[in-house]
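Everything below concerns the one structure shown next.
Every number here is computed from the coordinates shown, using simple stated rules; none is lab data. This one's a predicted model, so the numbers in the text were calculated from it and none came from an experiment. Using ideal geometry, Cβ is built from the backbone for each residue, glycine included, and neighbour counts are taken over all protein chains shown.
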Amino acid sequence: MKSALGLALVTSASSLLLALGAAAGCSSTTTNNNTVTQADSGGADGAVVADAGSEAATDDASDADVGPGSDAGPITGTPPQTWTWVPFSDSKCRDGSPTGVAVNINPASTKVMLYLEGGGACFNPITCGTNPSTFGRTQFDTWAKRKLAGVMDRADAVNPVKDWSFVYVPYCTGDVHAGNNPAGTVEQLATPQAFVGYANIGLFLKRIVPTFTNATQVLLTGISAGGFGAAANYEQVAKAFGSVPVDMLDDSGPMMEDPYLANCQADKIRTLWNLDKTMLATCGADCVGSDGGTSSYLTGYTQHLAKTYPSRKFGLMDSLDDNTITYFFGFGASNCTSLVQLTADEFTAGLTDIRTQLAAYPNFGTFYFPGVAHTTLGSASFDTRTAGTTKLSDWMTAFVGGTTSNAGP
């Protein structure tokens with residue numbers, strides 16, 4: 001049973017965040033030993049390719065040098081349905097190192113899934129200490145060796161996006177892909193942190209959009225930090241794709257407000273990650289919280305999306321006692337001076353509050369299920385997850401087909 005543990009939870013929280021980083025791909029198990037080949041000179045600039053069908057990589061290939069001019073134009077020359085690493089020299093991780101994206105393109109499909117990775121957040125010494133600060137070619141090699149599951153598994157018969165093209169956006173900026181503060185200052189950290197996840201996605205879109213000129217549908221999704229990030233980046237992704245419909249599905253990134261996510265914590269990340277210049281730049285009065293001010297802005301932001309894009313679909317899925325998010329939101333206890341994990345009742349109330357505040361928008365749906373699980377879309381539990389009598393695979397099939405609904409309590 002959860003209780004008010006205060007700062008005594010610091011050690012267990014650190015262990016939890018380490019586990020979260022591992023779940024996000026910071027560590028993995030080799031499932032096969034196929035080789036990696038270098039894309040030819042006419043292919044993706046500096047791209048590295050994992051053997052088709054294997055989703056695996058080894059360490060016997062190297063990146064080509066990539067200049068600034070390479071970070072523009074469509075990504076070309078990638079083998080079909082093969083994971084390919086595409087570096088962006090002008091992008092940045094939290095430690096200042098460059099990052100990129102991975103693509104797995106099905107030329108026969110006109111539908112695209114953009115999948116944003118999770119892995120915690122950086123807003124104090126504890127969380128920053130266990131949040132990934134870099135992701136490049138080496139980390140891609142490790143990630144690609146995993147046996148990918150859920151919506152990333154093309155062999156899964158119940159996966160509604162198995163035949164789509166995939167774009168994988170790794171996570172290394174500590175800002176839930178939402179920031180644009182290249183010199184963020186965190187107490188007790190000696191060096192500035194590059195919280196530029198939102199800016200990175202803007203760079204990525206300059207190549208992603210022209211790569212899929214025949215796109216007829218886009219699903220923007222992500223898990224944990226990537227779930228928050230999918231919501232935070234919706235408007236810039238939707239605007240980049242123009243008339244192509246973009247739907248958004250958030251896995252375990254609930255946009256709660258006070259008292260579930262304390263105002264002090266919401267204010268802290270808003271300033272630290274410079275959210276006023278990114279996701280909140282066009283939100284205006286919609287992001288005035290129920291307190292009459294701008295502290296509780298996250299649920300208002302979700303309403304803003306549903307209202308501004310009434311023909312697009314938005315969804316949130318999470319467990320009723322998400323054991324990871326309840327910890328993260330616990331850092332707001334006692335005016336952000338203590339760490340007290342949210343109880344199951346408190347977190348469930350927060351999920352219910354989101355559903356209630358979005359009830360007026362038929363283009364917003366939820367999938368709430370019992371337990372403490374954190375994230376589903378990228379795991380084998382995708383096939384078995386249920387909310388009441390509704391299977392997640394059926395709910396998501398309807399979602400990408402244009403129908404939203406509320407499943408679970």
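A few notes on this one:
- Between the alpha-carbon centres of segment 311-326 and segment 192-261 there is a gap of 15 Å.
- For segment 204-211, 3J(HN,Hα) computed residue by residue from phi via the Karplus equation (6.51, -1.76, 1.60; θ = phi - 60°) reads 4, 4, 5, 9, 5, 4, x, 6 Hz, glycine and proline entered as x.
- Straight-line cross-link reach from Lys313 at under 21 Å between alpha-carbon atoms covers these lysines, not counting any fewer than eight positions away in the same chain: Lys111, Lys162, Lys239, Lys391.
- What you get for segment 229-290, charging only the Cβ of Lys and Arg (+1) and of Asp and Glu (-1), is a dipole of about 260 debye around the Cα centre.
- Sorted fewest first by neighbouring Cβ atoms within 10 angstrom, Met396, Met152, Met317 come out as Met152, Met396, Met317.
- Sequence of Lys277, Lys111 once ranked by neighbouring C-beta atoms within 10 Å, starting from the fewest: Lys277, Lys111
- Two-decimal Rg to Rh for segment 78-206 - Kirkwood Rh, Cα set: 1.01
- Descending Cα extents along the principal axes, segment 303-409, whole Å: 45, 34, 22
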